[in-house]
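*Asks:* Quick one: the structure is below, questions incoming.
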Amino acid sequence: MSELVVTILAAGEGKRMNSNIPKVLHLFHNKPMLVNVIEASMTLQPKRIIVITGKYDELIKSTLSKYINIENIQFVIQKQPLGTGDAIKSCLPLYNDNEKILILNGDMPNITKELLKKFIDRNDPFVVLVAKLANPTGYGRIVYNNNIFVEIIEEKDCTELQRIIDIVNSGLYYIDSEILQQYIPMITNENKQKEYYLTDIVNLANQNMSIKTFLINENENKYIQGVNTQEELRLLEML
């Protein structure tokens, strides 16, 4: 049986928060957002938890230690902010064969242990958690062809027609470690942002395998809502 490894993306600076601390350390119900994500992850009893940080590594560690025991958490520093694909690339040396990697965002403070448990109960090699949103602005769009999952297109790279799509990528992935080892090194930065998108692994791997999507119920959408601004954080706390 494969062992679970949780990987949390927490290297983003969150410039739209207009703050001098990293986004994931902003408080959500009196705790840093990242703490909520880690605590939900811990309920899954993973083999280990990896947190990817950036230039605020020391501040994140010292802040987390006030709320939780960080001794069993592995911290990986993404040396340059080159995108989510590059962040996961920095973790590849830590992944072993026969592991299942659950990838989460550190700015998703309303995530619940129940939703995560449902997600990882899927036994497919590669699953993407998706949601149907009335307002999909800000999210990558999920493209299907005859009900078959084809690709994820980041919003900044969407055409006007693609922006109408209301099925979106939550940013949560559940992937066999061997798939990450094979395809992450193949990701390029040939896009408008010149970043290495983690979503590109979907487009690469989908050429050789069937990637599944896990569509959550609309009443669960609030659990996967990310935060980019102080106002979004305030509104999420009110839900």
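*Asks:* Quick one: Karplus J couplings for region 209-221, per residue in order, coefficients 6.51, -1.76, 1.60, θ = phi - 60°, nearest Hz, x for Gly and Pro?
*Replies:* Using θ = phi - 60°, the values come out as 8, 9, 8, 9, 10, 10, 8, 7, 5, 5, 6, 9, 4 Hz.
*Asks:* If you don't mind, another one. Full-extension gain between residue 217 and residue 58, please, as 0.36 nm times their residue separation minus the C-alpha to C-alpha distance. Walk me through the numbers before you get to the answer.
*Replies:* Values: separation 159, 0.36 × 159 = 57.24 nm, distance 3.76 nm.
Working it through step by step, the gained length comes to 53.5 nm.
*Asks:* Treating the beta-carbon of each Lys and Arg as +1 and of each Asp and Glu as -1, no other charges, what is the dipole magnitude of region 8-161 about its Cα centre, to the nearest 20 debye?
*Replies:* 380 debye
*Asks:* Please report the antiparallel percentage of DSSP beta bridges with both residues in region 23-159, rounded to the nearest 5.
*Replies:* 60 percent
*Asks:* Right, here's the next one. Return 158, 91 ranked ascending by Cβ neighbour count within 10 Å, so the fewest neighbours appear first.
*Replies:* Listed from fewest to most nearby Cβ atoms, that is 158, 91.
*Asks:* Mind jotting down the distance between the C-alpha centroids of region 107-134 and region 27-48, whole Å?
*Replies:* So the two Cα centres are separated by 15 Å.
*Asks:* Here's a follow-up. Quote to one decimal, in nm, the extra length available between residue 150 and residue 112 on full extension: 0.36 nm per residue of separation minus the C-alpha distance between them. Each step should come with its number before you reach the end.
*Replies:* On the way: separation 38, 0.36 × 38 = 13.68 nm, distance 2.79 nm.
Here the segment from residue 150 to residue 112 would lengthen by 10.9 nm.
*Asks:* Within the chain, what's the longest stretch lacking GluC sites (Glu not before Pro) that sit in DSSP loops with no more than 12 other Cβ atoms inside 10 Å?
*Replies:* 72-159
*Asks:* As a test of the formula, what do you get for the chain when each DSSP H run with n ≥ 4 contributes -39,500 (n - 2.57) and the sum is divided by the residue count, at 222 nm and rounded to the nearest 500 deg cm²/dmol?
*Replies:* It comes out at -6000 deg cm²/dmol, rounded to the nearest 500.
*Asks:* Tell me which residues come under 5 Å, amide H to amide H, from residue 26 once H is placed; ignore anything under 5 positions away on its chain.
*Replies:* It is 33, by chain and number.
*Asks:* By how many nm would the segment from residue 188 to residue 121 grow when fully extended, if each residue of separation counts as 0.36 nm and the alpha-carbon distance is taken off?
*Replies:* 21.0 nm
*Asks:* Can you give the log10 of the normalised intensity I(q)/I(0) at q = 0.07 Å⁻¹, computed with Debye over equal Cα scatterers of the chain?
*Replies:* Debye curve over Cα of the chain, log10 I(q)/I(0) at q = 0.07 Å⁻¹: -0.20.
*Asks:* I would also like to ask the following. Looking at the chain only, what percent of DSSP beta bridges run antiparallel? Nearest 5 please.
*Replies:* 50 percent
*Asks:* For 62, 90, what's the fewest-to-most ordering of other Cβ within 10 Å of each Cβ? Could you put the intermediate results ahead of the total?
*Replies:* Numbers: 62 10, 90 18.
The order, fewest Cβ neighbours first, is 62, 90.
*Asks:* Tell me, how many Å apart are the Cα centres for region 56-104 and for region 206-239?
*Replies:* So the two Cα centres are separated by 21 Å.
*Asks:* Sticking with this structure for a sec: Taking only C-alpha pairs under 8 Å that are 6+ residues apart, what is the relative contact order of region 24-148 in percent?
*Replies:* 31 percent
*Asks:* Now, a different point. For the chain, build the charge dipole from Cβ charges (+1 Lys, Arg; -1 Asp, Glu) around the Cα centre, then report which of 213, 238, 202 sits farthest towards its positive end.
*Replies:* 238
*Asks:* Do any trypsin sites (Lys or Arg not before Pro) in region 146-239 lie in a DSSP loop with no more than 16 other beta carbon atoms within 10 Å, and if so, which?
*Replies:* Passing sites in region 146-239 are 192, 194.
*Asks:* When only Cα pairs under 8 Å and 6 or more residues apart are kept, what is the percent relative contact order across the chain?
*Replies:* 24 percent
*Asks:* Output wanted: per-residue J couplings in Hz (rounded whole) for region 104-112, from phi through Karplus 6.51 cos²θ - 1.76 cosθ + 1.60, θ = phi - 60°, x for Gly and Pro.
*Replies:* After applying 6.51 cos²θ - 1.76 cosθ + 1.60, I find 10, 9, x, 9, 10, x, 8, 4, 10 Hz.
*Asks:* Further, regarding this structure: Among 131, 189, 32, which residue has its Cα positioned farthest towards the positive end of the charge dipole of the chain, with +1 placed on the Cβ of Lys and Arg, -1 on the Cβ of Asp and Glu, and the dipole taken about the Cα centre?
*Replies:* 32
*Asks:* Okay, moving on. Quick one: what are the phi-derived ³J(HN,Hα) couplings along region 52-64, Karplus 6.51/-1.76/1.60 with θ = phi - 60°, whole Hz, x for glycine and proline?
*Replies:* Rounded to whole hertz, the list is 8, 10, x, 6, 9, 3, 5, 5, 5, 4, 5, 6, 4.
Each reported figure results from applying straightforward, stated rules to the coordinates on display, with no laboratory input. Predicted, not measured: the structure shown is a model, and the values here were computed from it. Heads up, the Cβs are rebuilt from the backbone with ideal geometry, glycines too, and the neighbour counts pull from every protein chain shown.
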